[in-house]
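Coordinate-derived values only; no laboratory data. Because the structure is a prediction, the values reported are computed rather than measured. Note that each Cβ is placed from the backbone with ideal geometry, even for glycine, and that neighbours are counted across all protein chains shown.
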Amino acid sequence: MVPTPGKATGYLISGGDVVVMQSAGGGGFGDPLTRDPERVRRDVGAGYVSPERARDGYGVVLTARGEVDVDATGAQRLALVTRRRRFPVEADEREAYEGRRGKHRVLRLASVLARELGLQTDDLVELRGRYPAPLRAWVRVEPAAPDRQVVPLDAIGRRILGIEPGDSVEIYRLAMPPIPGGLVTG
């Protein structure tokens, strides 16, 4: 089995090969820190979400007995919200997609901003704007770009996020399994 992120392309298959596609479903809708902690607890109990993801993604802390720790959840959500940072968006109408065997969206960041966010080329990120649905992209660090803390984004990306140049977005690095052989861009 070859574990890959969603929408992976470029893998050769032959007669007799078996292709199994599994999906965890959609990326959600709205801010995960506003999801009802009791619903997150039920998701953990059903096996949809791990206790670690409940804590780190939804800010919900469970006790050893699997119940919501209200005080710890409040503190965790405050800590997560405090770490969020927004960056202004500027128009960038360069081609936003790369790849010949399967195109994927890229986000070109200046070195200074990438360093501040702990990002490097080929990291997968989500951008959140005014609308609840996020936009995903693969980071491309541009060492020659001016050292400014702005997020360049094309018109389609801005429309998806419901923002205009001068508005701001949040950027989150998404954890994912290593891609065998690295990201296929050619």
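Give the number of residues within region 111-163 that are of a type in the set (Ser, Thr, Tyr) and either in contact (Cβ under 8 Å) with a residue 60 or more places away in the chain or closer than 24 Å to residue 30 by Cα (or both).
1
Test each condition in (1) surrounded by 19 or more Cβ atoms within 10 Å (Cβ to Cβ); (2) of a type in the set (Ser, Thr, Tyr); (3) more than 16 Å from the chain's Cα centre (by Cα) for residue 111 and report the one that comes out false.
That leaves (1) as the condition not met.
Just checking, does region 92-104 include any residue being in contact with a Pro (Cβ under 6 Å, 6 or more places away or on another chain) and over 30 Å from residue 41 (Cβ atoms)?
yes
Report, by residue number, each residue of region 86-118 that is within 17 Å of residue 144 (Cβ to Cβ) and in contact with a strand residue (DSSP E or B) (Cβ under 9 Å, 6 or more places away or on another chain).
90, 92, 94, 106, 107, 108, 109, 110, 111, 113, 114, 115
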